[in-house]
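Q: What follows is a single structure, and I will ask about it in a moment.
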Amino acid sequence: MAKNKNVNYKGPYGYQKLKEREPRACIRFKCALTNTILDVLRQRPGWVEVKDEGEWDFYWCDVRWLQENFDHTYMDEHVRISHFRNHYELTRKNYIVKNLKRFRKQLERDSGKLEAMKYDFFPKTFEMPSEYHLFVEEFRKNPGITWIMKPVARSQGRGIFLFRKLKDVIDWRKDGVRVDDQKDEIPVENYVAQRYIENPYLVGGRKFDLRVYVLVMSYIPLKAWLYRDGFARFSNTRFTLNTIDDHYVHLTNVAVQKTAPDYDPEKGCKWMIQKFRLYLTAKHGAEAVENLFAEMDNIFIKSLQSVQKVIISDKHCFELYGYDILIDQDLKPWLLEVNASPSLTASSQEDYELKTHLLEDTLNIVDMEGRLTGKEKRVGGFDLIWNDGPVSREDGNLDTPMNGFVANTHLGIQPSGS
(Lines give C-alpha, C1' and ligand atoms only; values in the text may rest on other atoms or scores of the structure.)
Protein backbone atom coordinates (compact mmCIF):
# COMPACT_ATOMS: atom_id res chain seq x y z
CA MET A 1 0.00 0.00 0.00
CA ALA A 2 1.40 3.42 -1.00
CA LYS A 3 2.19 5.84 1.80
CA ASN A 4 0.92 9.40 1.92
CA LYS A 5 3.37 11.80 0.36
CA ASN A 6 3.61 15.32 -0.99
CA VAL A 7 4.02 15.98 -4.69
CA ASN A 8 4.97 19.24 -6.38
CA TYR A 9 2.79 20.65 -9.13
CA LYS A 10 4.23 23.33 -11.39
CA GLY A 11 1.96 25.64 -13.37
CA PRO A 12 2.33 29.19 -14.73
CA TYR A 13 1.92 30.45 -11.17
CA GLY A 14 4.85 28.47 -9.70
CA TYR A 15 5.19 25.33 -7.60
CA GLN A 16 2.53 24.17 -5.19
CA LYS A 17 2.50 21.23 -2.83
CA LEU A 18 -0.44 18.89 -3.23
CA LYS A 19 -1.00 16.30 -0.56
CA GLU A 20 -1.35 12.85 -2.11
CA ARG A 21 -3.55 10.37 -0.30
CA GLU A 22 -3.86 6.71 -1.23
CA PRO A 23 -3.98 7.03 -5.03
CA ARG A 24 -6.16 4.98 -7.34
CA ALA A 25 -4.12 2.52 -9.41
CA CYS A 26 -5.31 4.36 -12.54
CA ILE A 27 -8.06 6.75 -13.49
CA ARG A 28 -10.14 5.68 -16.47
CA PHE A 29 -11.46 8.61 -18.49
CA LYS A 30 -13.74 9.25 -21.43
CA CYS A 31 -13.84 12.47 -23.43
CA ALA A 32 -16.51 13.59 -25.89
CA LEU A 33 -14.31 16.36 -27.36
CA THR A 34 -11.25 16.19 -29.58
CA ASN A 35 -9.55 19.48 -28.73
CA THR A 36 -7.30 20.77 -25.92
CA ILE A 37 -9.09 18.85 -23.15
CA LEU A 38 -8.35 15.52 -24.84
CA ASP A 39 -4.65 16.46 -25.08
CA VAL A 40 -4.58 17.37 -21.39
CA LEU A 41 -6.36 14.18 -20.30
CA ARG A 42 -4.08 11.95 -22.40
CA GLN A 43 -0.96 13.58 -20.96
CA ARG A 44 -2.07 13.29 -17.33
CA PRO A 45 0.03 10.72 -15.42
CA GLY A 46 -1.91 7.63 -14.35
CA TRP A 47 -4.96 8.44 -16.50
CA VAL A 48 -6.04 5.88 -19.12
CA GLU A 49 -8.46 6.55 -21.96
CA VAL A 50 -11.52 4.31 -22.24
CA LYS A 51 -13.28 3.78 -25.57
CA ASP A 52 -16.90 2.97 -26.35
CA GLU A 53 -18.75 1.18 -23.54
CA GLY A 54 -15.83 0.60 -21.15
CA GLU A 55 -16.21 1.55 -17.48
CA TRP A 56 -14.95 5.02 -16.58
CA ASP A 57 -14.16 7.11 -13.51
CA PHE A 58 -14.15 10.52 -15.19
CA TYR A 59 -16.11 11.73 -18.21
CA TRP A 60 -15.69 15.10 -19.92
CA CYS A 61 -19.07 14.71 -21.58
CA ASP A 62 -21.12 16.90 -23.86
CA VAL A 63 -24.55 18.19 -22.88
CA ARG A 64 -26.33 15.87 -25.31
CA TRP A 65 -24.92 12.79 -23.55
CA LEU A 66 -26.03 14.32 -20.24
CA GLN A 67 -29.61 14.79 -21.44
CA GLU A 68 -29.84 11.27 -22.82
CA ASN A 69 -27.97 9.27 -20.17
CA PHE A 70 -27.58 11.03 -16.82
CA ASP A 71 -30.85 9.91 -15.24
CA HIS A 72 -30.20 6.21 -15.84
CA THR A 73 -26.43 6.00 -15.30
CA TYR A 74 -25.25 4.56 -11.98
CA MET A 75 -22.13 6.29 -10.66
CA ASP A 76 -19.87 5.17 -7.85
CA GLU A 77 -18.93 7.64 -5.12
CA HIS A 78 -15.63 8.68 -6.77
CA VAL A 79 -16.97 9.19 -10.32
CA ARG A 80 -17.03 12.73 -11.78
CA ILE A 81 -18.64 14.28 -14.89
CA SER A 82 -18.17 17.75 -16.36
CA HIS A 83 -21.74 19.16 -16.23
CA PHE A 84 -24.56 19.60 -13.74
CA ARG A 85 -27.77 17.87 -14.75
CA ASN A 86 -29.76 21.09 -15.40
CA HIS A 87 -26.88 23.45 -16.18
CA TYR A 88 -29.20 25.21 -18.65
CA GLU A 89 -30.79 27.15 -15.75
CA LEU A 90 -27.65 29.32 -15.90
CA THR A 91 -26.56 28.90 -19.50
CA ARG A 92 -29.74 29.14 -21.60
CA LYS A 93 -30.30 32.77 -22.56
CA ASN A 94 -33.96 32.76 -21.53
CA TYR A 95 -33.53 30.75 -18.31
CA ILE A 96 -30.72 32.87 -16.88
CA VAL A 97 -32.81 36.02 -17.37
CA LYS A 98 -35.82 34.36 -15.71
CA ASN A 99 -33.68 33.26 -12.73
CA LEU A 100 -31.93 36.63 -12.36
CA LYS A 101 -35.26 38.52 -12.48
CA ARG A 102 -36.83 36.16 -9.94
CA PHE A 103 -33.88 36.37 -7.57
CA ARG A 104 -33.73 40.17 -7.82
CA LYS A 105 -37.44 40.46 -6.95
CA GLN A 106 -36.99 38.12 -4.00
CA LEU A 107 -33.98 40.12 -2.82
CA GLU A 108 -35.94 43.37 -3.08
CA ARG A 109 -38.72 41.89 -0.92
CA ASP A 110 -36.32 40.42 1.65
CA SER A 111 -33.52 43.00 1.80
CA GLY A 112 -34.75 46.17 0.09
CA LYS A 113 -34.02 47.98 -3.16
CA LEU A 114 -30.41 48.80 -2.32
CA GLU A 115 -29.46 45.13 -2.14
CA ALA A 116 -31.48 44.35 -5.28
CA MET A 117 -29.48 47.04 -7.13
CA LYS A 118 -26.48 44.69 -6.99
CA TYR A 119 -28.34 42.74 -9.70
CA ASP A 120 -28.31 45.66 -12.12
CA PHE A 121 -25.77 43.96 -14.39
CA PHE A 122 -27.77 42.45 -17.24
CA PRO A 123 -29.46 44.46 -20.01
CA LYS A 124 -33.26 44.66 -20.13
CA THR A 125 -34.36 41.38 -21.70
CA PHE A 126 -37.65 39.80 -22.81
CA GLU A 127 -38.38 36.19 -23.60
CA MET A 128 -40.07 35.89 -26.96
CA PRO A 129 -42.76 35.26 -27.99
CA SER A 130 -44.20 34.76 -24.45
CA GLU A 131 -43.28 38.32 -23.33
CA TYR A 132 -43.90 39.90 -26.72
CA HIS A 133 -46.56 42.36 -25.46
CA LEU A 134 -44.32 43.48 -22.55
CA PHE A 135 -41.51 43.93 -25.04
CA VAL A 136 -43.66 46.04 -27.37
CA GLU A 137 -44.66 48.24 -24.43
CA GLU A 138 -40.99 48.80 -23.52
CA PHE A 139 -40.00 49.25 -27.17
CA ARG A 140 -42.53 52.08 -27.62
CA LYS A 141 -41.27 53.85 -24.49
CA ASN A 142 -37.83 54.26 -26.07
CA PRO A 143 -38.25 54.65 -29.84
CA GLY A 144 -35.09 54.60 -31.92
CA ILE A 145 -32.84 52.61 -29.55
CA THR A 146 -31.16 49.42 -30.73
CA TRP A 147 -32.20 45.91 -29.65
CA ILE A 148 -30.48 42.58 -30.26
CA MET A 149 -32.31 39.32 -30.95
CA LYS A 150 -30.68 36.05 -29.85
CA PRO A 151 -31.98 32.51 -30.43
CA VAL A 152 -31.86 30.83 -27.02
CA ALA A 153 -30.39 27.52 -28.15
CA ARG A 154 -27.59 28.58 -30.46
CA SER A 155 -24.00 29.62 -29.88
CA GLN A 156 -21.06 31.26 -31.67
CA GLY A 157 -23.19 34.16 -32.89
CA ARG A 158 -25.52 32.06 -35.06
CA GLY A 159 -28.96 33.54 -35.70
CA ILE A 160 -28.30 36.88 -33.97
CA PHE A 161 -29.43 40.19 -35.46
CA LEU A 162 -29.86 43.81 -34.38
CA PHE A 163 -33.00 45.86 -35.04
CA ARG A 164 -34.65 49.21 -34.41
CA LYS A 165 -38.04 48.59 -36.02
CA LEU A 166 -40.86 46.42 -34.70
CA LYS A 167 -41.49 45.20 -38.23
CA ASP A 168 -38.15 43.33 -38.14
CA VAL A 169 -39.34 41.23 -35.19
CA ILE A 170 -42.75 40.57 -36.72
CA ASP A 171 -41.13 39.40 -39.97
CA TRP A 172 -38.72 37.15 -38.06
CA ARG A 173 -41.56 35.53 -36.12
CA LYS A 174 -43.35 34.79 -39.40
CA ASP A 175 -40.23 33.06 -40.72
CA GLY A 176 -40.51 30.50 -37.88
CA VAL A 177 -36.97 30.27 -36.59
CA ARG A 178 -35.90 26.66 -36.01
CA VAL A 179 -33.04 25.41 -33.88
CA ASP A 180 -32.96 21.80 -35.07
CA ASP A 181 -29.16 21.71 -34.91
CA GLN A 182 -29.26 22.04 -31.12
CA LYS A 183 -32.42 20.36 -29.88
CA ASP A 184 -33.00 20.08 -26.16
CA GLU A 185 -35.52 17.85 -24.47
CA ILE A 186 -36.81 20.77 -22.41
CA PRO A 187 -39.51 22.90 -24.04
CA VAL A 188 -38.13 26.42 -24.34
CA GLU A 189 -39.13 29.60 -26.08
CA ASN A 190 -37.28 30.43 -29.26
CA TYR A 191 -35.41 33.64 -28.55
CA VAL A 192 -34.76 36.67 -26.35
CA ALA A 193 -34.91 40.35 -27.26
CA GLN A 194 -32.31 42.33 -25.32
CA ARG A 195 -31.52 46.00 -25.16
CA TYR A 196 -28.25 46.50 -27.04
CA ILE A 197 -25.44 48.28 -25.17
CA GLU A 198 -24.96 51.25 -27.48
CA ASN A 199 -21.98 52.75 -25.63
CA PRO A 200 -19.46 49.90 -25.39
CA TYR A 201 -15.91 50.67 -24.21
CA LEU A 202 -13.70 50.72 -27.30
CA VAL A 203 -10.01 49.96 -27.74
CA GLY A 204 -8.60 51.34 -30.97
CA GLY A 205 -12.18 52.06 -32.05
CA ARG A 206 -13.13 48.38 -31.78
CA LYS A 207 -15.70 46.66 -29.62
CA PHE A 208 -14.75 43.70 -27.42
CA ASP A 209 -16.04 41.48 -24.67
CA LEU A 210 -14.24 39.50 -21.95
CA ARG A 211 -14.20 35.72 -21.57
CA VAL A 212 -13.69 34.75 -17.91
CA TYR A 213 -13.66 31.22 -16.45
CA VAL A 214 -15.48 30.17 -13.28
CA LEU A 215 -15.33 26.60 -11.95
CA VAL A 216 -18.22 25.42 -9.75
CA MET A 217 -17.63 22.28 -7.70
CA SER A 218 -20.91 22.38 -5.77
CA TYR A 219 -24.10 24.46 -5.60
CA ILE A 220 -25.23 23.30 -2.16
CA PRO A 221 -23.12 24.55 -0.53
CA LEU A 222 -21.94 26.92 -3.27
CA LYS A 223 -18.22 26.46 -3.93
CA ALA A 224 -16.78 28.47 -6.82
CA TRP A 225 -13.29 29.19 -8.16
CA LEU A 226 -12.28 32.11 -10.43
CA TYR A 227 -9.44 31.71 -12.95
CA ARG A 228 -6.78 34.44 -13.07
CA ASP A 229 -6.40 34.28 -16.84
CA GLY A 230 -8.91 35.02 -19.57
CA PHE A 231 -9.02 37.20 -22.65
CA ALA A 232 -10.66 40.09 -24.44
CA ARG A 233 -12.20 39.19 -27.83
CA PHE A 234 -12.19 42.05 -30.32
CA SER A 235 -14.25 42.73 -33.39
CA ASN A 236 -12.26 43.04 -36.58
CA THR A 237 -14.01 46.22 -37.73
CA ARG A 238 -14.29 49.67 -36.13
CA PHE A 239 -17.46 50.20 -34.12
CA THR A 240 -20.33 52.29 -35.47
CA LEU A 241 -24.09 52.42 -34.89
CA ASN A 242 -24.63 53.70 -38.44
CA THR A 243 -24.87 50.11 -39.63
CA ILE A 244 -26.54 47.46 -37.51
CA ASP A 245 -26.39 44.67 -40.09
CA ASP A 246 -22.60 44.13 -40.04
CA HIS A 247 -21.78 41.24 -37.68
CA TYR A 248 -18.07 42.00 -37.93
CA VAL A 249 -18.78 45.31 -36.14
CA HIS A 250 -21.17 44.12 -33.43
CA LEU A 251 -20.39 40.47 -32.63
CA THR A 252 -17.06 39.61 -31.00
CA ASN A 253 -17.35 35.80 -31.25
CA VAL A 254 -14.14 34.35 -32.72
CA ALA A 255 -16.29 32.03 -34.86
CA VAL A 256 -17.75 35.14 -36.51
CA GLN A 257 -14.61 37.29 -36.66
CA LYS A 258 -12.39 34.66 -38.29
CA THR A 259 -14.66 34.70 -41.37
CA ALA A 260 -14.02 38.44 -41.93
CA PRO A 261 -12.34 39.12 -45.31
CA ASP A 262 -9.41 40.96 -43.67
CA TYR A 263 -9.01 38.64 -40.66
CA ASP A 264 -5.35 37.89 -39.92
CA PRO A 265 -4.96 34.47 -38.22
CA GLU A 266 -1.43 35.39 -37.09
CA LYS A 267 -2.63 38.50 -35.25
CA GLY A 268 -5.99 37.02 -34.20
CA CYS A 269 -8.45 39.15 -32.27
CA LYS A 270 -7.65 38.42 -28.62
CA TRP A 271 -5.78 40.11 -25.79
CA MET A 272 -4.83 38.24 -22.65
CA ILE A 273 -6.75 39.71 -19.72
CA GLN A 274 -3.53 40.79 -17.93
CA LYS A 275 -2.65 43.00 -20.92
CA PHE A 276 -6.17 44.40 -20.94
CA ARG A 277 -6.07 45.20 -17.21
CA LEU A 278 -2.69 46.95 -17.59
CA TYR A 279 -4.10 49.00 -20.49
CA LEU A 280 -7.13 50.08 -18.46
CA THR A 281 -5.00 50.90 -15.41
CA ALA A 282 -2.70 53.11 -17.50
CA LYS A 283 -5.73 55.00 -18.86
CA HIS A 284 -8.01 55.20 -15.81
CA GLY A 285 -5.88 54.49 -12.72
CA ALA A 286 -5.74 51.49 -10.38
CA GLU A 287 -8.75 52.42 -8.22
CA ALA A 288 -11.22 52.67 -11.11
CA VAL A 289 -10.00 49.36 -12.54
CA GLU A 290 -10.16 47.63 -9.15
CA ASN A 291 -13.75 48.81 -8.77
CA LEU A 292 -14.58 47.49 -12.25
CA PHE A 293 -13.11 44.07 -11.48
CA ALA A 294 -14.87 44.02 -8.08
CA GLU A 295 -18.16 44.61 -9.93
CA MET A 296 -17.31 41.66 -12.16
CA ASP A 297 -16.75 39.52 -9.04
CA ASN A 298 -20.24 40.57 -7.98
CA ILE A 299 -21.62 39.34 -11.32
CA PHE A 300 -20.04 35.90 -10.93
CA ILE A 301 -21.32 35.35 -7.40
CA LYS A 302 -24.80 36.86 -7.81
CA SER A 303 -25.48 34.94 -11.03
CA LEU A 304 -24.52 31.65 -9.34
CA GLN A 305 -26.63 32.48 -6.29
CA SER A 306 -29.62 33.16 -8.57
CA VAL A 307 -29.63 29.49 -9.68
CA GLN A 308 -28.31 27.93 -6.48
CA LYS A 309 -31.68 26.54 -5.42
CA VAL A 310 -32.77 25.35 -8.87
CA ILE A 311 -29.60 23.59 -10.07
CA ILE A 312 -29.48 19.93 -9.06
CA SER A 313 -26.28 19.84 -6.99
CA ASP A 314 -25.08 16.30 -7.58
CA LYS A 315 -21.78 15.39 -5.89
CA HIS A 316 -20.60 13.70 -9.10
CA CYS A 317 -20.82 16.95 -11.08
CA PHE A 318 -18.64 19.99 -11.63
CA GLU A 319 -18.78 22.65 -14.31
CA LEU A 320 -16.34 25.02 -15.97
CA TYR A 321 -18.33 28.06 -17.13
CA GLY A 322 -17.27 30.67 -19.65
CA TYR A 323 -18.66 34.08 -18.68
CA ASP A 324 -19.03 36.74 -21.38
CA ILE A 325 -18.79 40.27 -19.96
CA LEU A 326 -19.19 43.55 -21.88
CA ILE A 327 -17.80 46.80 -20.46
CA ASP A 328 -19.38 50.13 -21.34
CA GLN A 329 -17.81 53.61 -21.58
CA ASP A 330 -18.61 54.27 -17.90
CA LEU A 331 -16.53 51.20 -16.94
CA LYS A 332 -19.67 49.33 -15.96
CA PRO A 333 -19.60 45.56 -16.63
CA TRP A 334 -22.64 43.82 -18.16
CA LEU A 335 -23.31 40.09 -18.18
CA LEU A 336 -24.06 38.97 -21.75
CA GLU A 337 -24.27 35.23 -21.19
CA VAL A 338 -22.77 32.19 -19.48
CA ASN A 339 -21.52 29.22 -21.49
CA ALA A 340 -21.71 25.64 -20.21
CA SER A 341 -19.35 24.47 -22.95
CA PRO A 342 -16.86 27.32 -23.48
CA SER A 343 -14.72 26.76 -26.54
CA LEU A 344 -11.63 24.70 -25.72
CA THR A 345 -10.31 24.87 -29.28
CA ALA A 346 -7.21 27.07 -29.41
CA SER A 347 -6.99 29.93 -31.92
CA SER A 348 -3.23 30.52 -31.36
CA GLN A 349 -0.25 29.12 -29.44
CA GLU A 350 -0.89 31.61 -26.62
CA ASP A 351 -4.54 30.54 -26.50
CA TYR A 352 -3.53 26.87 -26.45
CA GLU A 353 -1.21 27.45 -23.48
CA LEU A 354 -3.91 29.35 -21.58
CA LYS A 355 -6.47 26.59 -22.13
CA THR A 356 -3.99 23.82 -21.34
CA HIS A 357 -3.13 25.38 -17.96
CA LEU A 358 -6.82 26.16 -17.33
CA LEU A 359 -7.78 22.52 -17.86
CA GLU A 360 -4.83 21.11 -15.92
CA ASP A 361 -5.78 23.32 -12.98
CA THR A 362 -9.45 22.32 -13.34
CA LEU A 363 -8.48 18.64 -13.08
CA ASN A 364 -6.30 19.42 -10.05
CA ILE A 365 -9.33 20.91 -8.28
CA VAL A 366 -11.63 18.05 -9.32
CA ASP A 367 -8.86 16.01 -7.64
CA MET A 368 -9.50 12.46 -8.78
CA GLU A 369 -6.10 11.62 -7.29
CA GLY A 370 -7.13 12.71 -3.78
CA ARG A 371 -4.23 15.14 -3.28
CA LEU A 372 -5.99 18.21 -1.88
CA THR A 373 -6.65 18.86 1.80
CA GLY A 374 -9.91 20.74 1.15
CA LYS A 375 -8.54 23.89 2.80
CA GLU A 376 -6.86 25.36 -0.29
CA LYS A 377 -7.71 28.92 -1.33
CA ARG A 378 -5.63 28.66 -4.48
CA VAL A 379 -4.81 25.84 -6.88
CA GLY A 380 -2.67 26.81 -9.87
CA GLY A 381 -4.35 29.76 -11.57
CA PHE A 382 -7.66 29.30 -9.70
CA ASP A 383 -8.64 31.29 -6.60
CA LEU A 384 -11.47 30.13 -4.34
CA ILE A 385 -13.94 33.05 -4.34
CA TRP A 386 -16.92 31.47 -2.59
CA ASN A 387 -17.09 28.59 -0.13
CA ASP A 388 -20.61 28.69 1.33
CA GLY A 389 -19.78 32.36 1.89
CA PRO A 390 -17.19 34.91 0.71
CA VAL A 391 -13.50 33.99 0.86
CA SER A 392 -11.05 36.64 2.00
CA ARG A 393 -7.66 37.21 0.45
CA GLU A 394 -4.48 36.02 2.18
CA ASP A 395 -2.50 39.20 1.56
CA GLY A 396 -3.52 42.81 1.97
CA ASN A 397 -2.16 44.12 -1.33
CA LEU A 398 -4.30 45.50 -4.15
CA ASP A 399 -7.42 45.52 -1.97
CA THR A 400 -10.53 44.65 -3.94
CA PRO A 401 -13.69 45.56 -2.01
CA MET A 402 -16.55 43.16 -2.54
CA ASN A 403 -19.46 43.46 -0.14
CA GLY A 404 -17.17 45.25 2.32
CA PHE A 405 -14.22 42.87 2.51
CA VAL A 406 -11.08 41.96 0.57
CA ALA A 407 -12.10 39.28 -1.94
CA ASN A 408 -9.81 36.40 -2.83
CA THR A 409 -9.70 37.29 -6.53
CA HIS A 410 -6.73 38.03 -8.78
CA LEU A 411 -8.38 38.19 -12.21
CA GLY A 412 -6.00 39.78 -14.72
CA ILE A 413 -3.32 40.56 -12.12
CA GLN A 414 0.20 39.83 -13.32
CA PRO A 415 1.87 36.92 -11.45
CA SER A 416 4.66 38.17 -9.17
CA GLY A 417 8.04 38.06 -10.83
CA SER A 418 6.62 38.25 -14.36
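The values are calculated or read from the model by the stated rules, or taken from the named source; none is laboratory data. Not measured: the values here are computed from a predicted model. Cβ: placed from backbone, ideal geometry, glycine included. Neighbour counts: every protein chain shown. With ligands, DNA and RNA removed, areas are computed over all heavy atoms of the protein, side chains included. Shrake-Rupley method; radii C 1.70, N 1.55, O 1.52, S 1.80 Å.
Q: Quick query: amide H of E337 versus all other amide H atoms, modeled in the peptide plane; which residues come in under 5 Å with a sequence gap of 5 or more or a different chain?
A: Amide H neighbours of E337, under 5 Å, 5+ apart: D324.
Q: Let me ask something else about it. Length gain on complete extension for the stretch N142 to K118, per 0.36 nm per residue less the alpha carbon to alpha carbon distance? Walk me through the intermediate numbers first.
A: Numbers: separation 24, 0.36 × 24 = 8.64 nm, distance 2.42 nm.
Result: 6.2 nm gained on full extension.
Q: Take T243 and K101, extend 7 Å from each Cα along the Cα→Cβ direction, and tell me the distance between the two endpoints in nm.
A: Label-label distance for T243 and K101, simple model: 3.4 nm.
Q: Further question: Tally Lys and Arg at +1 and Asp and Glu at -1 over the other residues with C-beta under 11 Å from the C-beta of F382: what net charge comes out? Don't skip to the end; give the middle numbers.
A: Working: positive: R228, K377, R378; negative: D229, E360, D361, E376, D383.
Taking every other residue near F382 into account, the sum is -2.
Q: Can you tell me the FRET efficiency between N35 and V366 if r is taken as the Cβ-Cβ distance and R0 is 25 Å, rounded to the nearest 0.05? Before the final figure, lay out each step's value.
A: On the way: r = 18 Å, r/R0 = 0.73.
The computed FRET efficiency comes out at 0.85.
Q: Take the solvent-accessible surface of the protein heavy atoms, probe 1.4 Å, and return the percent of it on the stretch 23-156 that carbon and sulfur atoms account for.
A: Numbers: 3330 of 6880 Å².
Solvent-exposed carbon and sulfur of the stretch 23-156 make up 48 percent of the total.
Q: I would also like to ask the following. For Y74 and C26, FRET efficiency with R0 = 22 Å and r from the beta-carbon atoms, rounded to 0.05?
A: Values: r = 21 Å, r/R0 = 0.93.
The computed FRET efficiency comes out at 0.60.
Q: I'd like to compare 229-235, 139-145: which one has the highest average count of other Cβ atoms within 10 Å, and what's the full order after that?
A: Values: 229-235: 23.7, 139-145: 10.6.
Most protected by this proxy first, the peptides run 229-235, 139-145.
Q: Counting only residues 5 or more places away or on other chains, whose amide H sits under 5 Å from the amide H of N35 once H atoms are built in the peptide plane?
A: When sequence neighbours closer than 5 places are left aside, there are no close amide H contacts.
Q: Just to confirm my numbers, what's the Cα centroid distance between the stretch 366-396 and the stretch 80-115 in Å?
A: First find each Cα centre; the distance between them is then 24 Å.
Q: On a full-extension model of 0.36 nm per residue, what is the gain between K309 and E353, subtracting their alpha-carbon distance, rounded to one decimal in nm?
A: Numbers: separation 44, 0.36 × 44 = 15.84 nm, distance 3.54 nm.
That pair, K309 and E353, stretches by 12.3 nm at full extension.
Q: What accessible area per residue, rounded to a whole number of Å², is obtained for the stretch 302-396 using a probe radius of 1.4 Å? Please report the intermediate quantities before stating the final value.
A: Values: 3400 Å² over 95 residues.
Each residue of the stretch 302-396 exposes 36 Å² on average to a 1.4 Å probe.
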